[in-house]
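The values are calculated or read from the model by the stated rules, or taken from the named source; none is laboratory data. Bear in mind that the values here come from a model prediction, so they are computed numbers and not experimental data. Neighbour counts run over all protein chains shown; Cβ positions are idealised from the backbone, glycine included. When the accessible area is computed, the model is the full protein with side chains, heavy atoms only, and any ligands, DNA or RNA have been set aside. Shrake-Rupley method; radii C 1.70, N 1.55, O 1.52, S 1.80 Å.
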Amino acid sequence: MTLLLVRHAQSSGNASGTIQGWRDEPLTAHGREQAAALAERLGRREPRITALYSSTLARARETAAPLAAALGLEVERRAELREYGYGAAEGLSWAEVEQRFGITLVQWGRGELPGEEGPEAFRGRVLRCFRELAGRHRDGHAAVITHGGVIAAILAHVLGVPEGSWVRMHLPNGSLAEVAPDGDRHALLSLNGHDDLAALTRPRERPGSP
């Protein structure tokens, strides 16, 4: 089994540098180009992808749509695959969050913002879904269109990072992480494989656009 974890294409929030979380932001024109390129790449991938999942948020759904068409598959949408819920920070920039709430980068993701989901609840729902999908596709190959925070949480688990540790990794829009079973655990096979999107890659987004 191979599970491909795909970060959604560029959204309007990514382009503007605002914090998205559960906020529904559509893809930009550039993001739609990325989604089309991703569909072309993964549509011809061998071994063939036999199942497709996405977050319920628009930026993931819109990224998954052309891939579903290329593969002739239905997309199963899962709320558990949504990005981390940033509460009152959603729609704001990093600078605005620090000004309004006094939350700096060091304090980010600790549940200190009004309405924030909290790291334990987030990690719990993401890993429950990961284990379910990994168990469901032991003999197949599935793609999951989701968000940077979700992928980071799964990879931290796969790599054995202690709970509560902050993992810094850059996951460009449209990038891939590939994991597979390794005995009774999982192993990371590749990270940030997006060579076919090189012509569409723009400079790294400003921080604060998850």
Counting only protein heavy atoms and rolling a 1.4 Å probe, one gets per residue an accessible area for the chain in Å² of 47
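So in the chain, what percent of DSSP beta bridges are antiparallel if you round to the nearest 5? Could you put the intermediate results ahead of the total?
Details: 11 of 25 bridges.
Once the DSSP bridges in the chain are tallied, antiparallel ones form about 45 percent.
Is there a quick way to get the dipole size of the stretch 146-196? I mean about its Cα centre, with the Cβ of Lys and Arg at +1 and of Asp and Glu at -1; what is the value in debye to the nearest 20?
200
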Kindly state, to the nearest 0.05, the FRET efficiency for Trp166 paired with Asp24, given R0 = 25 Å and r defined as their beta-carbon distance.
0.40
By how many degrees, between 0 and 90 and to the nearest 10, does the Cα long axis of helix 29-43 differ from the longest principal axis of the chain?
30
The chain: calculated mean residue ellipticity at 222 nm from DSSP helix runs of at least 4, using -39500 (n - 2.57):
-10500 deg cm²/dmol
Nearest 10 degrees is fine. How inclined is helix 58-71 to the longest principal axis of the chain, computing both from alpha carbons?
10
Which of (1) 17.8; (2) 18.7; (3) 17.2 is the computed Kirkwood radius over Cα pairs in Å for the structure on display?
(3)
Given Cβ point charges of +1 (Lys, Arg) and -1 (Asp, Glu) and nothing else, what value in debye, to the nearest 20, does the dipole of the chain about its Cα centre take?
180
Counting Lys and Arg as +1 and Asp and Glu as -1, each charge on the Cβ, what is the dipole of the stretch 72-153 about the Cα centre in debye, to the nearest 20?
320
For helix 119-136, report the angle its Cα long axis makes with the longest principal axis of the Cα atoms of the chain; keep it between 0 and 90° and round to the nearest 10°.
0
Inter-part gap, Cα centre of the stretch 113-128 to Cα centre of the stretch 41-70, in whole angstrom, is 25
Just the number, please: carbon plus sulfur as a percent of the accessible area of the chain, 1.4 Å probe, no ligands or DNA/RNA counted.
49
